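Each value in this text was obtained by applying a stated rule to the coordinates, not by laboratory testing. Computed from a predicted structure; not experimentally measured. Virtual Cβ from ideal backbone geometry, glycine too; neighbours counted across all protein chains shown.
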Amino acid sequence: MTDAMRSARRHMLARTGLAWLVMMQVMMLAFPGYLRHGARAPDAQQSLEQAIVLMNWLSLILCVPLVLYCAWPVWRGAWRALSRWRVGMDVPVALGILAAFVPSVVATWRDAGEVYFDSVSMFVAFLLTARFLETCARQAVSGQARGGSDAELLHAADRLAFRFVCAQILLAVLVGLYWWNVQPDQAVAVTVALLVMSCPCALSMSVPAALAARHAASLRAGDAGVPDAAALDRAMRRVARQNLHGSLAWHLLMAPLAACGWVQPWVAAITMLLSSLAVAANAWRLSRLPPGAAAERRPTVRRANAMPG
């Protein structure tokens, strides 16, 4: 890697580590809010409400550096896209953070309404984790000489992610307006959940992860090289298609559930991370193939087909 690539990875790792630290603290501070609606004596309920107010303010203080520093690449990417009159990958992410953070600040200031600081911290931490995996995958293949087919795969994945983002933003706006007219107290949570799920991290890293896994398998083969490069290339394309179709199917499955109000924002953040980890794990499976494993399959099949009877 170049010095610029190493510096970018270090900064991203620092932001990710801080985001996870803040997330763990905010999740602990949010615990009293989960107990608000239980049955208890009036004096105990009053003490709980006072504790919730204090915890909300502490969560707000912790989330400020999370939003300003950890999520800075998101704001920069969204601003660049909007300044060019485009809908980039960071635009729905920025909207999701704002849709959860701003109402939470207002609710904390007014001491009325729901707060989503736990969802904001989880979303940013999980998002940066997925982005870090994507960055590692893209850096791993940045110096490789890619053919036209590899570039076509990358462009196809980017086009699919762009279309998915546009459709998801439109769905979030329409569903949010519907819930605002039907049940206003649920409108923010549903909109945030849909915006969180619109993050195309898994889609964006599907092909780079497969390309990086192919490169890792080639490195494991050593100086002798891969016995059947064509078979390894076919395996890479199969993994890339699995990643693309699987992550898209996962998003399409979860979107109706979120639109119905059955998925909380923090659950949507977890599903976003799980889909990215599934893509990385599927690609890693390709990189762990023993040298020559892909080449050994085809001759075996031909011999089996050549047997009489």
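What the phi angles of region 163-177 give under the Karplus curve with 6.51, -1.76 and 1.60, with θ = phi - 60°, is a coupling list of 5, 5, 4, 4, 5, 5, 5, 4, 5, 4, 5, 5, 5, x, 5 Hz, glycine and proline written as x.
Rounded to the nearest 0.05, the FRET efficiency derived from the C-beta distance between M28 and A81 at R0 = 51 Å is 0.90.
Dipole magnitude for the chain: about 1280 debye, using +1 per Lys or Arg Cβ and -1 per Asp or Glu Cβ, origin at the Cα centre. What percent does the relative contact order of the chain come to when contacts are Cα pairs within less than 8 Å and at least six residues apart? 20 percent.
Placing R0 at 25 angstrom, the Cβ-Cβ distance between W180 and I270 gives a FRET efficiency of 0.45 after rounding to 0.05. Here the relative contact order of region 154-233, from alpha carbon pairs under 8 Å that lie six or more residues apart, stands at 32 percent. Between S104, S276, S204, the residue with the greatest mean-square fluctuation in the GNM of the chain (Cα pairs under 10 Å linked by springs) is S104.
Hull volume per residue, based on the alpha-carbon atoms of the chain and their convex hull, is 181 Å³. Using Cα pairs under 8 angstrom and six or more residues apart, how large is the relative contact order of region 1-159, in percent? RCO, region 1-159: 30 percent.
Close amide H partners of Y116, meaning residues 5 or more places away or on another chain with modelled amide H under 5 Å apart, are S104.
Counting Lys +1, Arg +1, Asp -1, Glu -1, what net charge surrounds L277 among other residues with beta carbon under 14 Å of its beta carbon? With Lys, Arg at +1 and Asp, Glu at -1, the net is +1.
Just checking the listed ones, A94, A112, A140: in the Gaussian network model of the chain with Cα springs under 10 Å, the one fluctuating most is A112.
Farthest toward the positive end of the dipole of the chain, out of L29, S59, N243, is the Cα of N243, where the dipole comes from beta carbon charges about the Cα centre. Here is how the number arises for the chain: DSSP H runs of 4 or more residues each give -39500 (n - 2.57), the sum is divided by the residue count, and the result at 222 nm is -28000 deg cm²/dmol.
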